[in-house]
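Each remark here refers to the structure printed beneath this line.
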Amino acid sequence: MILENYSSDKRATKLVVLNSNLVVVGGGLSGVCAAITAARAGLKVVLIQDRPVLGGNASSEVRLWSLGATSHMGNNNRWSREGGLINEILLENLKRNKEGNPLIFDTVLLEKVYEEKNITLLLNTAVYEVEKGDDKKIKSVTGFCSQNSTTYTATAPLFCDASGDGIVAFMSGASFRMGAESKEEFDEGFAPNLEDYGNLLGHSLYFYTKDLGRPVSYTAPSFAIKNAEELPRIKNYQLGDHGCKLWWVEHGGRLDTIHQSEDIKFELWKVVYGIWDYVKNSGKYPEAANLTLEWVGTIPGKRESRRFEGDYMLAQKDIVEQRDHYDAVAFGGWAMDLHPADGIYSKHNSCTQWHGKGVYSIPYRCYYSKDLDNLFLAGRIISASHVAFGSSRVMLTCAHGAQAVGKAASICLEQNCLPRDLSTKEKIKELQLALNRDGQSIPRLEIPDNEDLVQQAVVGTSSTFQFKGFNPGNDWQTLTFGTAQLLPLKADEYYSFEFEVEAEEGTSVEVQLKSSIACTHFTPDHIIDSQIFQLKKGKQKLVFQTTKAQKTEHYAYCCIMKNEKVKVRLSDERVTGLMTVQNKVNKAVSNYGRQDPPAEIAVDSFEFWTPERRPAGKNLALTLDRPIAAFGADNLLNGQLRPESHGKTNAWVAAMDDETPEVKLKWETPVDLKTIKLFFDCDFDHALETTLMGHPEEVIPFVVADYRIKDGSGNILKEVTGNYQAINTIELEKVTRTDSLTFEFAKKEENIPVSLFKISVY
Ligand SMILES: Cc1cc2nc3c(=O)[nH]c(=O)nc-3n(C[C@H](O)[C@H](O)[C@H](O)COP(=O)(O)OP(=O)(O)OC[C@H]3O[C@@H](n4cnc5c(N)ncnc54)[C@H](O)[C@@H]3O)c2cc1C
């Protein structure tokens, strides 16, 4: 029994002091990725999250699907899903949760953090105080957990603010901005008109519904709005919409999105319950009779609050022009996506999105405060203008950058230096190399890895895929939209493409060969050649012999243009680095087949050619007059992990009929090795939304599931079965000396050849 008599002094709550190498505040996807990356690099990390679950806006408390450069596969950013740790998390979530249950995604994240012994996780702990050692350095942060009535003070040489509102950066005095810049400051045509459009993006709150199979009545709380039918956007509501499909239920952009957050939430509750009252009781939705509310958000998703200034501020031109930066460490590719501050009450469209032609890189200088010596920034608070933030704020972009922060922290600690010290042209290369070893895929960055023993090996393979066309399958596709086969074509070469089409009646169809003007993107903004074919009724072959060639090696689009009276034959074969796209509409990401912004916005006009998700999106059954040799073993050595716009598949692909594909590495003299890394094709084109949206498979079909690694004497060093991850890191029990390694892969899919992007040996 505990008996304490009255004390006239105040009592203090229990105090726990934690010393670590890095303190990460905020457990959204950014905080989680920064913490795990640093922990895996050997740092002791304290991760402090004020909510009971991890994931922030991606958690079951808010239920947003995490997105990034693939933009629901609705833009021209081919093979652009974020790499490294966040991809590992997405593939794990796919394996367990292809249906997109937000509760299961919580457990995927929690397990990932729980398994890192270097992380001390404090849930339900809100940081409310910062102590500075001197003017420029943070010494500790303090938070309180109401669940165990404990105050935690966490000290470390390095801090990362991933809290969304920037509680640490704010309290330690860092320069920040809130609201939109003028057009002039960064020469941003898309900077909003403050009076009319507003300054800030608001919060949103969602609900899920459930069919009980019998009529359910509903009485709204007295605070629910009574005039939901007058909301300009109520016409967007479709019965059965759950969670983030209701993203337009937005409010608060005219308020202080930090200090008035509770007021904003309450207004959103009024709106949500008012909408449901309207649905259930207005008589306009008779099919809603059996529906009930299953879940309503209790904390709002916050879109925007403070943005902190680093040594560089990302701006519109970085995105539109895909400017390269010497210190690129991450990439983005979501549209610049701004919302009217009046949210659900606004007369404007719920959002305005303008896409770039390709992915843009994000400089390391955006990820630390320009004022504080030991403070990293991660997530939506990084150093970006309001317009650029409109793109960089999506969670996979945030997580990707946070991986760079976690890795930078490990280098800072190892070399006893500060975040800014890594931003020099020399130092940054160490960080970029370390990130790329973990699969970050920084765009257009080639950094030789001299320690990788593969660079000294001779590579042999059992076979190499030569692309001469796709064998015809049984499916045909009506040309409701222009459809294109994306192919890595050489410069100055002429090709002949043969398709099989079927016309409903005599008609004509145009075939175009398109490519991109710049090597930085996949947008087909340039017609190289075209021909119109007269078709008779019925099936026929169509041969497109090009008479003009592209000037540089590039992925090109062989497009059969729209004609609803014509069908084209498809193939069941799928191959790494080859895919089809359509000139189709995807309203969810403001893709109406093309974008044509007003000139003053200073964003490009172009067409969208986008993929369909499996099981659709089959390749065209086409035949070439000569093979395309783009799948050789040399690709395993170039360090790249995904196809790139300048016409490189970057993959070794085995022949389709090779049932026992093998790669052999041979060294002139024996080498000592301890670590082997394999990088498989996890289909970086497929957007792996975490929540709500289901996916066709639990394992990406291009990933090799089963394989064996043997040394020069034929000893099995490792046997793997059931792999579903992109990166396999094999740590051998002891250093092994050998003059060769053989990788024996099992082919699992009849119509998909085995492929691999990279092998590393250290
Ligand atoms: C309604 C809405 C729709 C959006 N749509 C999408 C979308 O479809 N896909 C997409 O990818 N992105 C979307 N975004 C953007 C994206 O969700 C945010 O920009 C993103 O969550 C930012 O990630 P973050 O890690 O910085 O912040 P968060 O995800 O907010 O994570 C920060 C975490 O820090 C915690 N925290 C805050 N203060 C403290 C403190 N004092 N102490 C400890 N912890 C603290 C928070 O509780 C939170 O869990 C949307 C945002 C909103 C609000």
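Derivation of every value follows stated rules applied to the coordinates shown; laboratory data play no part. Just so we're clear, the structure is a prediction, and the values are computed from it rather than from any experiment. When we count neighbours, we look across all protein chains shown, and the Cβ atoms used for this are built from the backbone with ideal geometry, even at glycine.
What is the spin-label model distance, in nm, from Arg323 to Phe223 if the labels are put 7 Å beyond Cα along the C-beta direction?
It works out to 4.6 nm between the two label points.
In the range 203-296, how does Rg compare with the Kirkwood Rh, expressed as the Rg/Rh ratio over alpha carbon atoms?
Result for the range 203-296 is an Rg/Rh of 0.97.
Which residues in the range 487-515 have a backbone N closer than 15 Å to a point placed 7 Å from the Cα of Lys541 along the Cα-to-Cβ line?
496-502
Once each part is reduced to its C-alpha centroid, what is the distance from the range 640-693 to the range 508-574 in angstrom?
If you average the Cα positions of each part, the centres end up 28 Å apart.
Mind listing which GluC sites (Glu not before Pro) in the range 497-594 are in a DSSP loop and have 12 or fewer other Cβ atoms within 10 Å?
Those that pass, being in a loop and sparsely packed, are Glu505.
For Arg737 and Glu564, calculate 0.36 nm times their separation in residues minus their Cα-Cα distance, and state this gained length in nm to one decimal.
Answer, rounded to one decimal: 56.0 nm.
Viscosity 1.306 mPa s, temperature 10 °C: give me the Stokes-Einstein translational D for the chain in µm²/s, with Rh taken as the Kirkwood radius over C-alpha pairs.
Roughly 57 µm²/s, to the nearest whole number.
Relative contact order (percent) for the chain, with alpha-carbon contacts under 8 angstrom and 6 or more residues of separation?
16 percent
Please name whichever of Gly252, Pro286, Ile225 sits farthest to the positive end of the charge dipole of the range 203-296, dipole taken about the Cα centre and charges placed at Cβ: Lys and Arg +1, Asp and Glu -1.
Checking the options against the dipole of the range 203-296, the answer is Pro286.
Using 7 Å Cα-to-Cβ label points, what is the Ala602/Glu697 separation (nm, one decimal)?
Going from the Ala602 label point to the Glu697 one covers 4.4 nm.
For an R0 of 56 angstrom, estimate the FRET efficiency from the Cβ-Cβ distance between Asp634 and Asn281 and round to the nearest 0.05.
0.25
Would you kindly state how much longer the chain becomes between Glu184 and Lys666 on full extension, computed as 0.36 nm times their sequence separation minus their alpha carbon distance, in nm to one decimal?
167.7 nm
Neighbour counts of other C-beta atoms within 10 Å: give me Trp295, Trp334 arranged from fewest to most.
Taking fewest neighbouring Cβ atoms as first place, the list is Trp295, Trp334.
Over the range 75-211, what is the mean sequence separation of C-alpha contacts under 8 Å (at least six apart), divided by residue count, expressed as relative contact order in percent?
This gives 11 percent for the range 75-211.
How much of the DSSP bridge set in the chain is antiparallel, in percent, rounded to the nearest 5?
So the antiparallel bridges amount to about 85 percent of the total.
Can you sort Lys183, Lys514, Lys539 so the residue with the fewest Cβ neighbours within 10 Å comes first?
Lowest to highest Cβ neighbour count: Lys539, Lys183, Lys514.
Testing the spin-label approximation: label points 7 Å from Cα along Cα→Cβ at Asn471 and Tyr114. State their distance in nm.
Reported label-point gap for Asn471 and Tyr114 is 4.6 nm.
Normalised by the residues of the range 203-296, what does the relative contact order come to in percent, with Cα pairs under 8 Å and at least six apart?
Once divided by the residue count of the range 203-296, the mean separation gives 57 percent.
Per-residue HN-Hα couplings for the range 399-416, Karplus 6.51 cos²θ - 1.76 cosθ + 1.60 at θ = phi - 60°, whole Hz, x for Gly and Pro?
Couplings: 5, 4, x, 5, 4, 5, 5, x, 6, 4, 4, 5, 5, 4, 5, 5, 9, 6 Hz.
Restricting attention to the range 79-149, which GluC sites (Glu not before Pro) occupy a DSSP loop and are surrounded by at most 12 other Cβ atoms within 10 Å?
Passing sites in the range 79-149 are Glu99, Glu115.
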